[in-house]
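Notes follow the structure.
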Amino acid sequence: MAPTKQKGDMAELRVASDLVRQGYRIALPFGEDCDFDLVLLRDERFERVQVKYVTSNGRVVQIGCSSNSLTNGKVMKIKRYTHETIDWLAAYDATTDRCFYVPAHLLGAGMRLISLRLVPALNNQKRFTRDAEDFEVVR
C-alpha cells in the first residue's frame with residue numbers, strides 16, 4: 001500500500017474514533033468514488049465528512065480543501081470541496097495528534113487552503129485568523 005494511502009486511512013480511523021468519542025454514530029461509504037470519506041449521523045440526519053491527513057508546524061494547521069485525480073502519476077483534475085459536496089472537512093494533524101472539523105460553509109465556492117492557528121500569531125493579529133481550538137468538536 002502506498003504511504004499516502006496509509007496516511008489517509010490512518011486519518012480516517014483517527015477522525016472516526018474522535019467522532020465516536022464525541023457521541024456520534026458513523027458510517028463508511030462503499031468504494032472510492034464518493035466526495036466524502038465518512039458519514040456521521042446527528043439528530044437522525046446524515047452529514048458527509050471529507051478527511052485529510054496533515055502535519056502542522058506546531059503553530060498553524062494548513063488543510064488542503066481539494067483533491068487531485070491522477071492518471072499515470074499526472075494530475076488530471078482538481079476537485080475543490082464546497083458545501084454542495086461535503087458537510088465537514090475534517091483533518092487529523094499528526095504533529096499534535098488532534099482532529100479538527102471545518103464546516104463546509106466556510107469553504108465558500110471552493111478555496112484552496114484553510115489555516116487554523118494552534119498558537120497566537122507572533123504579531124498578536126486576531127482579525128482574519130481562526131483559532132484551531134474552535135474547530136476541535138463538531139458543532
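Each reported figure results from applying straightforward, stated rules to the coordinates on display, with no laboratory input. Not measured: the values here are computed from a predicted model. FYI the Cβ positions are ideal-geometry reconstructions off the backbone, even for glycines, and counts take in every protein chain you see.
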If every Lys and Arg gets +1 and every Asp and Glu gets -1 at its Cβ, then about the Cα centre the chain yields a dipole, in debye to the nearest 20, of 520
Per DSSP loop assignment and a cutoff of at most 15 other beta carbons within 10 Å, the chain keeps its longest run without exposed chymotrypsin sites (Phe, Trp or Tyr not before Pro) at 31-127
Rg/Rh over Cα atoms for the chain, Kirkwood Rh, comes to 0.96
The lysines whose Cα lies under 21 Å from the Cα of Lys79, excluding any fewer than 8 residues away in the same chain, are Lys5, Lys7, Lys52
Residues other than Ser66 with Cβ under 12 Å of its Cβ, Lys/Arg counted +1 and Asp/Glu -1, net out at +4
Applied in sequence order to segment 83-88, the curve 6.51 cos²θ - 1.76 cosθ + 1.60 (Karplus, θ = phi - 60°) yields integer Hz couplings, x standing for Gly and Pro, of 5, 6, 9, 9, 9, 9
Long-range amide H partners of Lys52, meaning residues 5 or more apart or on another chain whose placed amide H is closer than 5 Å, are Ala90, Ala91, Tyr92
Along the dipole axis of segment 16-139 (charges at Cβ: +1 for Lys and Arg, -1 for Asp and Glu; origin at the Cα centre), the most positive-end residue among Ile63, Tyr92, Leu19 is Ile63
